[in-house]
Structure formats: structure tokens, C-alpha cells
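Trainee: Here you go, one structure.
Every read-out reported here was derived from the displayed coordinates using simple, explicitly stated rules and does not represent laboratory data. In this text, all values refer to a predicted model and were calculated from it rather than measured experimentally. Note that each Cβ is placed from the backbone with ideal geometry, even for glycine, and that neighbours are counted across all protein chains shown.
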Amino acid sequence: MILIAVISLGVIGAVGALFLYAASKKFEVYEDPRIGQVQEVLPGANCGACGYPGCSGFATACVKSDTMDGLNCPVGGAATMAQVSTILGKDAGTAEPMVAVVRCNGNCDARPKTNRYDGARNCSVASSLYMGETGCSYGCFGFGDCVTVCAFDAIHINPQTGLPEVDDDKCTSCGLCVKACPRKIIELRKKGPKSRRVFVSCINKDKGGVARKACANACIGCGKCAKECAFDAITIENNLAYIDYNKCRLCRKCAPVCPTGAILETNFPPRKEKAVETATENTNKTE
């Protein structure tokens, strides 16, 4: 009886193995080995910044696409894309380096608190409950949802201003902080030559008087910056100025005419104060 049982089980196992083998061959899905090769050179962040579900999805898209146009790994950058193009024998597309910028300049001095929030220290939760601790319903909560999602330690909350600050050298423009911010304050912009950028650090769409009352650094939509720009890079819409980084030539003529200081200049050398220059000239003449 034992021998019969062993033989029966052996026959059943063999038949099952043959059935599974036949099924695997019939339903076999071929995968291009280059997909694995491309995935090996990718950073493995699986952040989705490339527009695909993780590095595997991006690798598959690179292999299946006829050209590399529109395909870019922000985290890996040009070096990674060069490796991918070598593996696939395709010309790598060029992409302008991007970086996250915080479009809120409402620090503690400019945007005083009008109430105190005792709920969960989470921007998404706070955004669903009320307008915030200040009079600006557009400004940053400062609870750090952007800090939590950043996998590269590139963004932190400044304890003195209460606002997030981005480390240009660490930021990979993955866009996770952009998605995490419930008020859409964080934006990806061109990194610019020598990391120099000019942008309006405000998203308040209230009328000028209301915006200025809530925050001393708010854009009031006066339009002086747009009139000063010779490259048509600044538009005023819904009481708010916006600088198109594709048109901006970084001349910086717009920043000095802004009455509230809402336009920020990043990583530029300090301006020479005309008043100081004039005083020096007068002193020299007197001597």
C-alpha cells in the first residue's frame, strides 16, 4: 500500500510539473534584458519624479521608446541619463536642471500670528481644518510635511523664520515636496546659472490692501515689476505677479521696484547701494 501511494504521488507530481511547464511556456512574458541593465544604473529612489511608477517603470519606458526625448531622471541627472543612453545606444535628451523653491516669504516678523493652533502638527490636517495661525490664508503652515517626504535631506524648517529652506546642492528636483504641500507653495524652477534665480516669493491672490495687511512681504499686484521687465517675463493675474523662468534673463531690474520686497534674488552677489556710492563720491570731492 505504501509503495502504491508513493508511486501515485510521484505520477501526480510529474503530471503537475508537466502542466506547469506547459503553462509557463504558453503564458511566458518576454522582458528585454536591457530593462534590468538600465534599472541598475538608476538611483533607485522610486520617487516618481520622472513621471513613471518607480525606476522599473522608467527603465521600461526608456527601452521601449524610440528616442530619449522627454525622458529624464531628475534624481540621477545628466550623468545617469548618459549611462542609460550608452546602454540603449540612443542620444540622451538634454534637460535643464531644476530645483525646488519656496514661494512664501511670510516670516514671523512679516506675518504675525493671530491665533494658536493646538491640533496635529501636520500641514495637510491643518489645511483641511482652518486658514492658519496668521491672517494669510495662502501662506506656509511651517509644520514640515515637505521635510518629512524629502528622501534627500534637502529641505528644513528655519526655526527663526518658521519657513522651509531648500539646500540647492542636495535637492534633486524629485517633486515630492511639491506634492506634499497642501497650499502649493513649493514650485520646481530652473536652477539657473550658478544657482541664480529671481522669483516672486508669494502666492497670495487677495487684493493688495488685504494681502499687505496679512503679510508685510506679500505681493500686492501693483504691476511695477511687469512694467520694468523688458523681456515680457512677468505677468499679473489674480492680483499676483509671476515670473516666467523661461523668459527671465536674470537682469534683476524688477526686484528693486517691488514695494514689498516680494521678489527674491537667490545666489546673486550683493547689490551696490547707490546711496553709499553717492556719499563716497561727495566725501572724495570734499577732500
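Trainee: Using the Cα atoms of the range 104-188, I'd like the radius of gyration and the largest Cα-Cα distance, Dmax, both in angstrom.
Mentor: Cα only, the range 104-188: 12.5, 36 Å (Rg, Dmax).
Trainee: A further question follows. Report ³J(HN,Hα) in whole Hz for each residue of the range 196-205, in order, from the Karplus equation J = 6.51 cos²θ - 1.76 cosθ + 1.60 where θ = phi - 60°; Gly and Pro get x.
Mentor: 9, 9, 10, 8, 7, 8, 6, 10, 6, 9
Trainee: Can you name the helices of the chain, as whole DSSP H runs, whose Cα span along the helix axis is 24 Å or more and whose Kyte-Doolittle mean is not below 1.0?
Mentor: Working: long enough: 2-26 (36 Å, 1.83).
Span-like helices in the chain: 2-26.
Trainee: Still on this structure, I have one more. With the cut-off at 1.5 for a/c, could you classify the range 178-252 from its C-alpha gyration tensor as rounded, prolate or oblate? Don't skip to the answer; put the middle values down first.
Mentor: Working: a/c = 2.17, a/b = 1.21, b/c = 1.80.
Oblate.
Trainee: Within the range 142-194, which trypsin sites (Lys or Arg not before Pro) sit in a loop by DSSP and count at most 15 neighbouring Cβ atoms inside 10 Å? Don't jump to the answer; show the numbers that get you there.
Mentor: Values: sites: Lys170, Lys179, Arg183, Lys184, Arg189, Lys190, Lys191, Lys194; in loops: Lys170, Arg183, Lys184, Lys191.
In loop regions of the range 142-194 (DSSP not H, G, I, E or B), the sparsely surrounded trypsin sites (Lys or Arg not before Pro) are Lys170, Lys184.
Trainee: Taking the highest mean first, how do the peptides 70-78, 111-119, 46-54 order by number of other beta carbon atoms within 10 angstrom per residue? List each step's numbers first, then the result.
Mentor: On the way: 70-78: 19.4, 111-119: 12.2, 46-54: 17.4.
Listed from highest to lowest mean packing, they are 70-78, 46-54, 111-119.
Trainee: Then there is this: Rounded to whole Å and sorted largest first, list the principal axis extents of the Cα atoms in the range 31-185.
Mentor: 60, 26, 21
Trainee: Where does the Debye-calculated log10 I(q)/I(0) of the chain sit at q = 0.07, 0.10, 0.11 Å⁻¹, using only Cα point scatterers of equal weight, no solvent?
Mentor: With no solvent term, the Cα-only Debye profile gives -0.42, -0.70, -0.80.
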